[in-house]
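Notes follow once the structure below has been shown.
Here, each number is a calculation from the coordinates, and none is a lab measurement. What you see is a predicted model, and the numbers here were worked out from it, not measured in a lab. We place every Cβ from the backbone using ideal geometry, glycine too, and count neighbours over all the protein chains shown.
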Amino acid sequence: MNRIKEILKEKGVTQQELANRLGVTRMSIVKTLAGNPSQETLERIADALNIPIWQLFISPEEIQREKGQLICPNCGVALELKIKEKG
């Protein structure tokens with residue numbers, strides 16, 4: 001998951017620091033970033049980095065706005081974002 005690596009770099013957070021925030025080993029983070037993490041794992045990572053989960057896949061700068069809609073830069077399809085309230 002290269003986008004997660006980009007976010008870590010942007011935020012100045014190391015893989016070890018992310019591992020500490022999640023209560024796992026650094027090797028667990030390395031394997032997660034090299035593999036196909038579950039939605040639950042992605043949610044935990046997003047929470048630990050204090051970002052919405054969709055930013056793990058695409059940066060805010062990459063999203064195009066067209067007539068009030070968000071457009072995926074990869075496929076051109078309008079995105080429907082569902083915000084899940086915590087609490």
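Distant-in-sequence amide contacts of Leu70, defined by a placed amide H-H separation under 5 Å and a gap of 5 or more residues or a different chain, comprise Leu79.
For segment 1-63, what does the equivalent ellipsoid look like in terms of its semi-axes, each the square root of 5 times an eigenvalue of the Cα gyration tensor, given largest first in whole Å?
After scaling each eigenvalue by five and taking roots: 18, 12, 11 Å.
Residue separation times 0.36 nm, minus the C-alpha to C-alpha distance between Gln16 and Asn50: what's the value? Answer, rounded to one decimal: 10.6 nm. A Förster radius of 30 Å combined with the Cβ-Cβ distance from Glu6 to Ala78 puts the calculated FRET efficiency at roughly 0.80.
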